[in-house]
Amino acid sequence: MNYIFIFLILISFICATINNRMDIVVDEMLKSSQRAVEISFALIGIMGFWLGIINIAKKSGLIDIFSKCIKKPLLYIFPDLKENNDALSNIALNISANALGLTNAATPFGIKAMENMQKENKNKQRATNSMCTFLAINTAGFQIVPAVVIAILSAAKMDNPSQIIIPTLIVTSIAFLSALFFVKILERHFK
Amino acid sequence: MIKILNTLSVYILPFIITIILCYSLYKKTPAYESFTEGAKEGFNIAIKIIPYLIAIIVCTAIFRASGAINILQNMLKPILDYFNIPIETTILMVTRSLSGSATLGVLSDIINQTGANSYATKLAAVITGSSETTFYVASVYFGAVGIKKFRHALLAGILADIVGIIAAIWICSIFFL
């Protein structure tokens, strides 16, 4: 992340010089830092709401039932989380919310799952295998119905926007499986 | 078909919430207190991720503003033509891993430039719908719990993104060309 951070900023400055766009870049730099704070403030409401709703389910025991059902298949992907029921159920909630296209609802569960995994992490600065696996499959963004994209396409009056559903499903499945594949192969080589 | 899907997606959230509330009623647990107790945490998490959000959002914003992608486009043009990849979609392939809201903006741009029924639009829609913003998710999720060493997580995510883009180009050429 360190190198990516430095690389992105320096490359931007170099390209801005070549393209003679430095004024736009500087302007965008200041504006976007403000936007970052606005985004996180908007997140407070959504986060609070979903964590609240999920806490009701937790207190009533519904989450335990849910995590028992989903535990077996998830343990194949996350073998280290055998004793960590909270993490497993939050991962399950995150993946199901993402699959349904509810990205806003998925983020709080994802962060919660990370916190659950961090509790059992011995080195708090270093990501565990399970954390990396969870992140990788999350970045692959498995989705059954790409609701937002279809909304944009139908607003633009495309003929039959649902024609992209099947190709998207195939592509997202390939991306999902390859994320799993890469993360499992790579985990042996990164200490 | 779309109508059914849209109605379904509107009713999914109320449906889930109804089940959660009914179960709480059945088990006689205090729903209101549980809700406020859980919601309290939302504030802390959102505040904790601010520094990481600033880092990633500023990086992507200046990268887009610098015109680096135009330079990349010109270098790649011969290869793109060979594989039948519309040049407009290259911006999307780069921003896709960086920022979600930027990607939707680019998708709208492509629709405006090439028309709603063009091959570029279809390819762009499939790429947008089939992946998630790798860097954003990584910085927010790891940032929230204070992980500094990402290990192989980013590399795996990026490799999967690349496979996803190649798959999108391949599948779209079968379906739409």
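For B:ALA168, the conditions (1) surrounded by fewer than 24 Cβ atoms within 10 Å (Cβ to Cβ); (2) of a type in the set (A, V, I, L, M, F, W, C); (3) within 7 Å of chain A (Cβ to nearest Cβ); (4) part of a helix (DSSP H, G or I) are fulfilled apart from (1).
Applying the selection to region A:48-74, what residues are in the same structural domain as A:ASN84 (by TED's automatic domain parsing) and within 15 Å of A:GLY110 (Cβ to Cβ)? Hit for region A:48-74 is A:LEU74, nothing else.
Regarding region A:22-35, can at least one residue be identified that is in contact with an Asp or Glu (Cβ under 7 Å, 6 or more places away or on another chain), crowded, with 16+ Cβ neighbours inside 10 Å and either within 26 Å of A:ALA127 (Cβ to Cβ) or not assigned by TED's automatic domain parsing to the domain that holds A:LYS112 (or both)?
Looking only at region A:22-35, we keep the residues that are in contact with an Asp or Glu (Cβ under 7 Å, 6 or more places away or on another chain), and these are none.
Checked against the condition, which is being in contact with an Asp or Glu (Cβ under 7 Å, 6 or more places away or on another chain), crowded, with 16+ Cβ neighbours inside 10 Å and either within 26 Å of A:ALA127 (Cβ to Cβ) or not assigned by TED's automatic domain parsing to the domain that holds A:LYS112 (or both), region A:22-35 yields no hits at all.
Here A:ILE70, A:ILE111 are screened, and the one residue that is more than 10 Å from every other protein chain (Cβ to nearest Cβ), part of a helix (DSSP H, G or I) and not hydroxyl-bearing (Ser, Thr, Tyr) is A:ILE70.
Quick one: which of A:ALA136, A:ALA127 is touching a Gly at 6+ places or on another chain (Cβ under 6 Å), at the interface with chain B (Cβ under 7 Å from one of its Cβ atoms) and modelled with pLDDT of 85 or more? Please lay out each step first, then the result.
Details: A:ALA127 fails: touching a Gly at 6+ places or on another chain (Cβ under 6 Å).
The unique qualifying residue is A:ALA136.
Looking at A:SER162, A:SER173, can you tell me which residue is over 20 Å from A:PRO79 (Cα atoms), more than 7 Å from chain B (Cβ to nearest Cβ) and surrounded by fewer than 23 Cβ atoms within 10 Å (Cβ to Cβ)?
Values: A:SER162 fails: more than 7 Å from chain B (Cβ to nearest Cβ).
Result of the check over A:SER162, A:SER173: A:SER173.
Within region B:141-160, the set of residues being facing another protein chain (nearest Cβ under 7 Å) and either in a helix (DSSP H, G or I) or of a type in the set (Phe, Trp, Tyr) (or both) comprises B:TYR141, B:PHE142, B:ALA144, B:VAL145, B:PHE150, B:ALA153, B:LEU154, B:LEU155, B:ALA156, B:GLY157, B:LEU159, B:ALA160.
Counting only helices (runs of 4 or more DSSP H) wholly contained in region B:1-101, the ones carrying 2 or more residues that are over 20 Å from the mean Cα position of the chain (by Cα) and at pLDDT below 85 occupy B:2-27, B:31-48, B:68-82.
Residues in region B:73-102 that are surrounded by fewer than 15 Cβ atoms within 10 Å (Cβ to Cβ), out of contact with any Leu (no Cβ under 6 Å at 6 or more places or on another chain) and in contact (Cβ under 8 Å) with a residue 12 or more places away in the chain: B:LEU76, B:PHE83, B:ASN84.
Can you find a residue that is more than 17 Å from B:SER99 (Cβ to Cβ), at the interface with chain A (Cβ under 10 Å from one of its Cβ atoms) and not aliphatic (A, V, I, L, M) anywhere in region B:79-86? No, region B:79-86 has no match at all. Considering (1) buried (at least 22 other Cβ atoms within 10 Å of the Cβ); (2) not in a helix (DSSP H, G or I), the lone condition that B:ALA138 does not fulfil carries the number (2).
The values are calculated or read from the model by the stated rules, or taken from the named source; none is laboratory data. Note that this is a predicted model, so its numbers are computed, not measured. Neighbour counts are summed over all protein chains in view; Cβ atoms, including those assigned to glycine, are modelled from backbone coordinates with ideal geometry.
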